[in-house]
Each structure stands twice: as C-alpha cells, then as structure tokens.
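The values are calculated or read from the model by the stated rules, or taken from the named source; none is laboratory data. In this text, all values refer to a predicted model and were calculated from it rather than measured experimentally. Using ideal geometry, Cβ is built from the backbone for each residue, glycine included, and neighbour counts are taken over all protein chains shown.
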Amino acid sequence: MSSFDKIIRQVNAALEVLETSVPKTFDQKQCYLTVHPTSARREFLNTLEQQHTRVRKRVLKVHRLWKKLESIEQTLMAEADQVVGCVLPVYCLPDEILRMIFSWAIIPDMTWINQVPAAESAANLAKVCHQWRDVAYAYSELWTTISTTLPELHYIASVLPRSLG
C-alpha cells in the first residue's frame, strides 16, 4: 500500500470520527435542563466544551492530513512531469544533437525573416525543460548574435555574459 493510500485512509477515518462525534440532537439534554436548571447547565456546558475541544483537535488533524495530501500531490505531479519528459523522444536527445538543432533554429537569416531576435529565440529554447536550458546556456554560439532592435534591454544584459562562453 502506498503512502498516498494510507493518507487517504487516515483522512477518511478522521472524517468519520468527526461525523460521529457531533451530537445529532439535544432533546434529552434540554429535557434534563428544565428539571435541573443550574447544575445541568454547568454539566451541559462542560460537555459541550469537551466535545468542542475534541472536534477542534480532529479538525486540526484533518487539516494537517490535507496539507500532507497536497504535498504528496505536488510531488506526484512533479514525478509525472519527469516521466512524461523521459518518454518523449525529443527529451532523450544527447546534448550534442540538441546543440546542432539549436544552431539550426537560430540561423540569423531565419530569425530576421520571422522577425524573432536570435536572443529571444535562444531564450525561448531555454524555457522548454531543464536539459534544454542547461544546453542552451552552455552553448555560447546561441548568444553571439545580439539584435539591437530588441525592445527590452534586459535581454541584452542577460545575453552578453552568455556569449562569452
């Protein structure tokens, strides 16, 4: 049984406890209150406070379990993303092949025709996944063509150090 299944069972058990711990009616207590007003009220209030404390503790436990479930969900989603990345052939290419593809993708004439600056194209390639980012940042030829028509100067500031290799 996985840890995820165990937590689901704990949450379900906690919810059952919460549902059964809340009294359904107070008819008997109210009848008792009319016969013994002062001592019964104190006893009734004490009982209610105890029940409230127990329910509050159980709610906090369910809340902690919920947070744990959210954490497990995030971990599972990250692992699923990695598995999908490993299954697709484009993510399994060696770095040398990626560098060749990247250099073909950033041909200056092509970027001029498409009106996409080379630095912006290289930055877009670097956003695909961790492997592509590492390869793109390490491949200084991608960053040697700097367009002066870039509308934002932060591209130039980030491209200059990368172009040195």
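When you look at residue 27, is it of a type outside the set (Lys, Arg), under 30 Å from residue 127 (Cβ atoms) and modelled with pLDDT under 80, yes or no? Considered against the rule, which asks whether it is of a type outside the set (Lys, Arg), under 30 Å from residue 127 (Cβ atoms) and modelled with pLDDT under 80, residue 27 comes out as no. Of the residues contained in segment 71-88, one or more are found to be closer than 30 Å to residue 8 by Cα, at pLDDT 80 or above and of a type in the set (D, E, K, R).
Candidates in segment 2-17 are the residues that are among the hydrophobic types (A, V, I, L, M, F, W, C) and modelled with pLDDT of 70 or more; of these, the one that is surrounded by the fewest Cβ atoms within 10 Å (Cβ to Cβ) is 13. When each of 93, 60 is tested for being exposed (fewer than 13 other Cβ atoms within 10 Å of the Cβ), out of contact with any His (no Cβ under 7 Å at 6 or more places or on another chain) and modelled with pLDDT of 75 or more, the lone residue that passes is 60.
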